[in-house]
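Novice: Take this structure first; my questions come after.
The values are calculated or read from the model by the stated rules, or taken from the named source; none is laboratory data. All of these numbers come straight from a predicted model, not from anything done at the bench. Glycine also receives a Cβ, built like all others from the backbone with ideal geometry; neighbour counts cover every protein chain displayed. Side chains are part of the model used for accessible areas, which takes the heavy atoms of the whole protein and leaves out ligands, DNA and RNA. Shrake-Rupley method; radii C 1.70, N 1.55, O 1.52, S 1.80 Å.
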Amino acid sequence: MQIGAVLKVDGLSYIYPSGKAVFEDISFEVGENEFVSIVGPSGIGKSTLLRVISYLIPPTRGKVILLGEEIKAPSSRIALIHQSIATFPWMTALENVRIVVDGKVKDRSKANEIARKMLEVVGLRGAEDLYPKEMSGGMRQRVAIARALAANPIVLLMDEPFAHLDELTAEGLRQEIYYILFNPETTLKAVILVSHNLDEVLELSDRVLVMNGSPARVVNDLSINIPRPRQPRDPRFNEYLDKIYSSLTPIR
Amino acid sequence: MNPIIVIAAASTATMARVLALIGLTILVGWFMAYGATRNGFIESVYVSAIAALESVPVITFFPVVLMVFVYRIGGPVGTELATDVLVLTAIAWNIWIAQYQALKTIPNDLLEVSRNYEFGFWKTMRRLIVPYSMPKIAANLFPSFADALFYITVSEVFTVGTKTYSTFGIGSLIAELIASGNWSLVWYAMASLAIWVVALTFFFRWFARYSVSKYGLDTAMQVRRRGRTSLRRTYQAWGSLVGPMKRLSRHFSTLARVPAIPIAERRAGWRILKRTTKYVVIGIGAFLMFVISLEIGEFIISVPGTYWLFLLGYTPLILYNLAFDYLRVFIITVISLLIAVFVGYALAVRQRVAAFVLPVVQVLSAFPAPVYFPLVFIATYRYVVHIPFGTELYVLFLGFISTFYYVFYSFWIGVQAVPNEFWEIMRNYELGYFKKLRSIVLPGTLPYLVAGLSSTIDSAWGGLMIGEYWPNIYDGKGLIVRYGLMKMLDLYTYSGNIGLAGWSSLIFAIIVVIFSISFTKALMDLARKKYVIEEGVYGV
């Protein structure tokens, strides 16, 4: 394991019950404070890979090691943010976040305090008592992120978190997300993002893993060496974009 | 004649009666729903009438049915019609409201296609309305079938005063065989009924899967308007579908989020249909209203004023007995709810076990409780009779087996409809069993639970009606409770006091409707407003 590696994915394979192999022998490591993105053609198994990493789906072969310890059950230390923005409609923003704290913190006021702090981290101070119906998609996704952060995760898995937001909202959240996630108030040490949006991936990531083939494998592991904040007009941005495109095509 | 052939013929006759009535209901329902969607006034009357009628337990129609068909028409035809109408009241409302909902949710794009290419009335009906309503009809077939079987087996034979009326069928035959103590033939008769129940249950399951896969719309096409929905029936209906459940649930929830189409545009969708049809529908409706009003008016005038006073004098006693029945219904409901939640949840999270257990439960739920209850009674009464409240235990048990499945299925389906994202959140954040149940699963399934509870409460009355006064189940032993309105209804009917039975039914119906409006509907409105779990997933 490399120095500072937080998460190690070691030879992961997943085969559907029907017998179809989705991906095979996926191995990579994610270091401390590293933002890694996974890209690949539609249907290649990126979202499934995130679920296998979080053990929501047990792998057919291989293992996931978090801080030197093998993951054998779903754990809030590896938290998943859904593409579809899932918040409980009958709970306020505060309750939506507090639900993951309640069992771990006996004192209700302490749980409230943690939930409030995480809502503040994601920029939702003052929106604690709003119900999801009263919030925009962007605000709801911030609630989902606050919920994940309140659970004290080590790794955050984000499955196309901006896909259902309009472009302006998505861009606003994108600009903030890196600093929200690696805020000193959180326990987070690494992020893995799955996305189809290559601009988004280049804007946010320290590394990009490209999946391709059937069954899918990691065909490229690219470090993005552009200082932040990144601008799509930067010529290096386009160079990286070309490299990713060349790994993605042809779709195998 | 060979008794086996008689048994086979009797069970076939019963099933033919049920299927023919379901078929008739569906056929009539298409035209009525069509009429309702064409005219705002008819629509309001139609939906309100169904909402009121479906909240009244089937048994309250019994005295009315007796009065109209047995006394006025009489003979075998009158008895047959009485049975058929009683069964019709058990099956019609949910199928009709489902057909109405189907018509109201036809995607605007498809309606525009039918207008664009100048489909006529019959072509629109054949190519659009009938296929589009198939999944909703299929989803409602099983509850209707189970309800119909429950009521048909008790309505095929009934006693009024000294006279017993019966029509040929497996219900009347089993009653006859039990009375004569011919136990081997009773077993054959039950086996024959069981074969039909199993075959038809599996047929309905297959049909549900087929209709969803062939006619189900799984896209976010814009619909005209959802119309006024019957949440109870909508949620309950999913109970018949195991395989395509999630898809249908998604389909429903997608429709729920679609914005309403302006009324002018909505109406324009139906302009292809001729104006004359509208007047025909209005004419038929007016004629029916006239006939019913005439009957009611004639009845009120024919009853002397002193008799009305006599009936009013009985009202406190009726209410007193009704309070006991509400207590029984409450106990049955609480027990059903507890079992439904814990067993339903356990099954919902164990799909492999559920795949085996649910069809079995489904078949059992369709098998009418009044048919097999005497066997349970005969096997146990020697022991139970010594227990305090032994009769009450039997009555509660009968009420329970008659009605438990509704809340069980509704809850189970509700759990199935919980989006996968929420299951992942529960697992990901390692929420405990009771935390999951209390904070997510129970609130998230509330609309389904309320729907199931509503059906359970309504159907419990049917079980009580049978159990509170069943004087001779076997060997002179039977069930007679001390207090209970259902017993009073039975007694009045058996003694031929139809006036008092009708009055008791009317008081009962009024209380039930008030309860339904003040409690069930309020709870359902809350569930619909706040606890629709599908709305928690933003990006669908």
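Novice: Determine whether A:PRO184 is open to solvent by less than 10 Å² (accessible area, probe 1.4 Å) and assigned to a loop (DSSP other than H, G, I, E, B).
Specialist: Against the criterion (open to solvent by less than 10 Å² (accessible area, probe 1.4 Å) and assigned to a loop (DSSP other than H, G, I, E, B)), A:PRO184 does not qualify.
Novice: Within segment B:524-533, is even one residue away from chain A (no Cβ under 14 Å), in contact with a Pro (Cβ under 9 Å, 6 or more places away or on another chain) and either outside any loop (DSSP other than H, G, I, E, B) or open to solvent by less than 20 Å² (accessible area, probe 1.4 Å) (or both)?
Specialist: yes
Novice: Here's a follow-up. Is it the case, given these coordinates, that A:ASN238 is surrounded by fewer than 17 Cβ atoms within 10 Å (Cβ to Cβ), over 16 Å from the mean Cα position of the chain (by Cα) and over 24 Å from A:ARG51 (Cα atoms)?
Specialist: yes
Novice: Any residue at all in segment A:71-82 that is within 19 Å of the chain's Cα centre (by Cα), at pLDDT below 95 and away from chain B (no Cβ under 14 Å)?
Specialist: Within segment A:71-82 (the criterion being within 19 Å of the chain's Cα centre (by Cα), at pLDDT below 95 and away from chain B (no Cβ under 14 Å)), the answer is no, since none of the residues qualifies.
Novice: Does A:LEU222 meet the test of being surrounded by 21 or more Cβ atoms within 10 Å (Cβ to Cβ) and either part of a strand (DSSP E or B) or in contact with a strand residue (DSSP E or B) (Cβ under 9 Å, 6 or more places away or on another chain) (or both)?
Specialist: No; evaluated as a whole, the condition is false for this residue.
Novice: Give the residues of segment B:425-436 that are within 7 Å of chain A (Cβ to nearest Cβ), in a helix (DSSP H, G or I) and of a type outside the set (Lys, Arg), sorted by residue number.
Specialist: Within segment B:425-436, B:ILE425, B:ASN428 qualify.
Novice: What number of residues within segment B:1-44 satisfy the criterion of being in a helix (DSSP H, G or I), of a type outside the set (A, V, I, L, M) and crowded, with 17+ Cβ neighbours inside 10 Å?
Specialist: Residues flagged as in a helix (DSSP H, G or I), of a type outside the set (A, V, I, L, M) and crowded, with 17+ Cβ neighbours inside 10 Å within segment B:1-44 amount to 11.
Novice: Follow-up question, since we're still on this one. Can you find even one residue in segment A:84-91 that is open to solvent by less than 50 Å² (accessible area, probe 1.4 Å), touching a strand residue (DSSP E or B) at 6+ places or on another chain (Cβ under 8 Å) and at pLDDT 95 or above?
Specialist: Looking for residues that are open to solvent by less than 50 Å² (accessible area, probe 1.4 Å), touching a strand residue (DSSP E or B) at 6+ places or on another chain (Cβ under 8 Å) and at pLDDT 95 or above, one finds none in segment A:84-91, hence no.
Novice: Among the candidates B:TYR394, B:TYR406, B:TYR383, B:TYR429, which residue alone is of a type in the set (Ser, Thr, Tyr) and surrounded by fewer than 19 Cβ atoms within 10 Å (Cβ to Cβ)?
Specialist: B:TYR383
Novice: May I ask you to verify whether B:PHE422 is open to solvent by less than 20 Å² (accessible area, probe 1.4 Å), touching a helix residue (DSSP H, G or I) at 6+ places or on another chain (Cβ under 7 Å) and within 14 Å of chain A (Cβ to nearest Cβ)?
Specialist: Taking the combined requirement at face value, the residue satisfies it.
Novice: Over 26 Å from A:GLY103 (Cα atoms) and either outside any loop (DSSP other than H, G, I, E, B) or away from chain A (no Cβ under 14 Å) (or both): which single residue out of B:GLY414, B:GLY452 fits that description?
Specialist: Answer to the selection: B:GLY452.
Novice: Given (1) surrounded by fewer than 19 Cβ atoms within 10 Å (Cβ to Cβ); (2) at pLDDT 85 or above, where does B:GLN351 come up short, assuming only one miss?
Specialist: Only one criterion is unmet by B:GLN351, namely (2).
Novice: Return the residue satisfying two criteria in turn: it lies in segment A:43-70 and is more than 8 Å from chain B (Cβ to nearest Cβ), under 30 Å from A:MET139 (Cβ atoms) and of a type in the set (S, T, N, Q), and of such residues it is nearest to the chain's Cα centre (by Cα).
Specialist: By that ranking, first place goes to A:SER47.
Novice: Which residues, taken from segment B:79-96, are open to solvent by 40 Å² or more (accessible area, probe 1.4 Å), touching a residue at least 60 places away in the same chain (Cβ under 8 Å) and farther than 22 Å from B:ALA138 by Cα?
Specialist: B:GLU80
Novice: Same structure, new question: For segment A:99-128, give me the residue count where each residue is open to solvent by 30 Å² or more (accessible area, probe 1.4 Å), within 13 Å of another protein chain (Cβ to nearest Cβ) and not in a loop (DSSP other than H, G, I, E, B).
Specialist: So the count comes out to 0.
Novice: Here's something else I'd like to know. Is it the case, given these coordinates, that A:ARG217 is surrounded by fewer than 21 Cβ atoms within 10 Å (Cβ to Cβ), modelled with pLDDT of 90 or more and within 25 Å of A:SER75 (Cβ to Cβ)?
Specialist: Here the answer is no, as A:ARG217 does not meet what is asked.
Novice: Restricting attention to segment B:59-78, and to residues there that are open to solvent by 40 Å² or more (accessible area, probe 1.4 Å), aliphatic (A, V, I, L, M) and under 17 Å from B:THR167 (Cβ atoms), which single residue is nearest to the chain's Cα centre (by Cα)?
Specialist: B:VAL68
Novice: Shifting gears a bit: In segment B:148-183, which residue that is open to solvent by 20 Å² or more (accessible area, probe 1.4 Å) and over 23 Å from B:ILE378 (Cβ atoms) is modelled with the highest pLDDT?
Specialist: Per the stated criteria, the residue is B:PHE168.
Novice: OK, next. Could you look through segment B:97-122, keep only residues that are open to solvent by 40 Å² or more (accessible area, probe 1.4 Å) and within 27 Å of B:ILE22 (Cα to Cα), and pick out the one that is modelled with the lowest pLDDT?
Specialist: Going through the qualifying residues, I end up with B:PHE121.
Novice: Ok, one more. Just one of the numbered conditions (1) within 30 Å of A:ILE145 (Cβ to Cβ); (2) in contact (Cβ under 8 Å) with a residue 12 or more places away in the chain; (3) within 14 Å of chain A (Cβ to nearest Cβ); (4) open to solvent by less than 40 Å² (accessible area, probe 1.4 Å) is not true of B:SER439; which one?
Specialist: Of everything listed in (1) within 30 Å of A:ILE145 (Cβ to Cβ); (2) in contact (Cβ under 8 Å) with a residue 12 or more places away in the chain; (3) within 14 Å of chain A (Cβ to nearest Cβ); (4) open to solvent by less than 40 Å² (accessible area, probe 1.4 Å), B:SER439 misses just condition (2).
Novice: What's the total number of residues in segment A:129-167 that are open to solvent by 30 Å² or more (accessible area, probe 1.4 Å), more than 9 Å from chain B (Cβ to nearest Cβ) and of a type in the set (A, V, I, L, M)?
Specialist: 2
Novice: Something else about it: Just give me the residues in segment B:485-520 being under 18 Å from B:THR456 (Cα atoms) and either surrounded by fewer than 23 Cβ atoms within 10 Å (Cβ to Cβ) or without any contact (Cβ under 8 Å) to a residue 24 or more places away in the chain (or both), in sequence order.
Specialist: Within segment B:485-520, B:ALA509, B:ILE511, B:VAL512, B:VAL513, B:ILE514, B:PHE515, B:SER516, B:ILE517, B:SER518, B:PHE519, B:THR520 meet the criteria.
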